[in-house]
Amino acid sequence: MTNLYQNIGKYYLATALLMLCIGLVFGLTTALYYIIPGAESHLLGFNSLRPMHVSAIMFWILLGATGCVYSGLAFFYKFESPNPIARTQWFLWIIAIGGIFYSYTKGDFGGREYWEFNPIWALPLAMAWLLFILNFIKAVKKIKPWPVYVWMWMTGIVFFIFAFTENYLWLFPYFRGHFVTDMTIQWKVNGSLSGSWNQMLYGTAFFLMERINKNSTVGHSKLAFGMYFLGLFNLMFNWGHHIYTLPTDDYVRYTGYIVSMTEWVFFAKIVYNWRQSISEAQKHYHYFPYRFLMAADIWVLINLSQAILMSIPALNLYTHGTHVTVAHAMGTTIGINSMILFAACFEFLGNGSIAFNTKNRWITLSFWTTQSALLVFWVSLNLAGIKKGIWQMSEPQIPFSTMMKGLHLYFGIFFVAGLVLATALFTIVSILLRSYWTIPGKELQTENV
Amino acid sequence: MPIISFHSAEFDYNMTLRPVHSFSFLSVVFLAFSLSIYLKPAFSLPTIDIAKPEASKGRLTWQKYNCQSCHQLYGLGGYLGPDLTNVYAAPNKGEPLIRAMLQIGIPPMPSFNLPEEEIALLVAFLKETNASGTADPRMFLILSNGMTQRK
C-alpha cells in the first residue's frame, strides 16, 4: 500500500538516517577529546562538538519516530492529494536543523543541556511539531477504536510538545530565579522528553510485531493496555530518579523512587516471555525487521536491569554523575531506539523488499558487528563509571585530572568500539538509503511531497 | 474499579472509553504534580532562593558559554571536567581558582577570555549553587528504605 503518509514517512526516515550519519561523525570527533591530549588545539571546541553530536542523534530519533508514525498511519488512512501541512512540517524541520547547527558552529549557545542552541531555533521545531499533531489528529479520528500503538503514538506526540514547552520555562525569571526548582524542572523535562519518543518508538515496535505475527487482536489486549499505562505512569512520574542529590522536596524524590520500582513489572514480563521470544526469533530470524526488534528486546532487558538498579537511591549515590549514566544513555539510544528505528526502516523503506533480502551478507555482518561493538562500548563505559564512582566516594580524593588519566584505557576501548560500531552502522545506513533511492520508491516525487 | 478492565483479550468496542478515562485521570494527576513544582518558587523561603540578579544572570552566562557540556551541577552535565556545584567553597579552590580558570584555562579547558563583568556573574552563580546544597556523595546517608539523605 502506498499513499501520501507512507511517502512522507519514507522521507522522514531517509532524513533521519542522514542525521544518524552526521551524529556518528560528530560523536567520533568528540570522543577524540577523551583520548588525545591537546585535541582542543586541532578541533572545534568540545562545547560545540558535544551538542552537535547529541542534537544530531536526537534528531535521528525524533525524525525517525515521526517517519514511523506516518508510515504506520499509511495503513489506516489514505490521502489522494499532496498535503501542504506535511510538506511545511518537513521544511520547518530542515530550517530548525540548519539554524541549530549554524548556532553551534558559531558558538551561539544559550539553551540548556541537550538543547544548547540559541532558543530562537526552538520555534520552527515547535511549529513543525504542532503541524505533526494536526496531521495526526486528522488521520486518527477515523480509526475506531484505537489499538494500543495509536495510543502510544498519541502519547508520545502530545507529551513531547508539553515537555518541549516546559523546557523553556527558564526564560521566565520566576523559574530561573529559583535554582533548585529550575533544575528540578530541567530534569523533569529531560525525563519526559525521552519518555515521549520512547512511547512513539515502542508503539512502532508494537505495530511492527502485529504485522509480523499477523495478529491484530494483540493491539487491543488487556496486557498491551496494561503495559502502555504502566509506561505512561513512568513517563509522568519516574524522572525524580535523576535528581536524588538535588535538595528538592522529598515527595518529588520519593515519587521518582517508588514509580521507578514499578519497572520491575516490565522486567518480569520480559523474563516470563523469554522462551516464547526465542522460538519466535528462530521462526523469523531471516526477516530483518524482526531481527532488529529482537536485538532491541535484548537491549531492553540489559538497560532496564541497569535502570532499575540505578533508580535505587542507595546505588544511585555511587553511579550518579559517572559514566555508568553515559553507558545507560548510549545503551538505550543505540541498543533500543536505534534498533527499533532500523527495524522500521527495513520494513518501510524500499517498499519492504529489502526486509527479505537474506542473501545480503553485509547486513548480517553489520548487524552482528553492531551488537558486539555496542556490548564492548557499553561495558567500557560502565567500567570507567565504576572507577569514577569509587573515586567519588573515596577519602582522601586524588585530583580530578589524575582520576581521568586513570580512565584512559577504558576511553581507548570505548573509542575503538565506537569506531567499529559506527562503521557497521554506516554500512547499514548506506544499504537502506540505496534501497530507498533505487527501488521504485519514486512515488514521493509523483505526489509532490 | 481497576484502571483497565476488559472483558476479554479479544477486541470489544465498549472498551474504547476505558483507555480515555484512564489516560485523562493520569493526565490530571500529572498536571497537578507539575503545578505543585511550578508553584514552589512562590512559596519558598528567601534564604534558599537565588533570586539575586547577579546569580540569575550568571546562570545565563553559564548557558551562553555552554559550560554544561564539560561540567556538572549536582552530577548533571558533561563528563570532561569536574562537578562545580561546590567549587566556590572547596579547599584550595574557591573564587581565585574560578577566576584563574576562566582567564587562562588549563587543557583541555580553553581560555575563554571572558570580560570581568561575565566572570563576576559566573562567580556569583557558583557562589549560589554552593549555597543551595552539596553534590558530594560522601555527604549523604543511606536510609533503611534505600533512600538517601544529606548528613
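Both numbers refer to the Cα atoms of the stretch A:233-386; Rg and Dmax are 17.9, 58 Å. Normalised by the number of residues in chain A, the mean separation of alpha-carbon contacts (under 8 Å, six or more apart) gives a relative contact order of 17 percent. In chain A, the sites counted are trypsin sites (Lys or Arg not before Pro) in DSSP loop states with at most 12 other Cβ atoms within 10 Å, and the longest stretch holding none of them, exclusive of the sites, is A:215-358. Remark: the A:Asp249-A:Ser372 segment gains 40.1 nm on full extension, using 0.36 nm per residue and subtracting the alpha carbon distance. Overall form of the protein assembly as shown: prolate. Here a/c, set by the Cα gyration tensor axes a ≥ b ≥ c, is 1.5 or more, and a/b is the larger of a/b and b/c. Compute the Cα gyration tensor for the stretch A:65-195, then decide on rounded, prolate or oblate, letting a ≥ b ≥ c be the square roots of its eigenvalues: rounded whenever a/c is under 1.5, prolate when a/b is larger than b/c in the other cases, and oblate in all that remain. Cα axes put the stretch A:65-195 in the oblate bin. If R0 is 30 Å, the Cβ-Cβ spacing of A:Val265 and A:Leu134 corresponds to a FRET efficiency of close to 0.30.
Here the spin labels are modelled as points 7 Å beyond Cα on the Cα-Cβ line, and at B:Ala42 and A:Trp437 they lie 5.6 nm apart. Going by neighbour counts of Cβ atoms within 10 Å, the residues A:Val69, A:Val148, A:Val379 line up, fewest first, as A:Val379, A:Val148, A:Val69. With K and R counted +1 and D and E -1, the other residues having a Cβ less than 9 Å from that of A:Asp182 yield a net charge of +2.
Based on Cα contacts under 8 Å between residues 6+ apart, the stretch A:1-142 shows a relative contact order of 31 percent.
Extension gain, A:Ile120-A:Phe75: 0.36 nm per intervening residue step, less the Cα-Cα distance, totals 12.6 nm.
Any read-out appearing in this document is the output of simple, stated calculations on the displayed coordinates, not a laboratory observation. Because the structure is a prediction, the values reported are computed rather than measured. Note: ideal-geometry Cβ built from the backbone for every residue, glycine included; neighbour counts use all protein chains shown.
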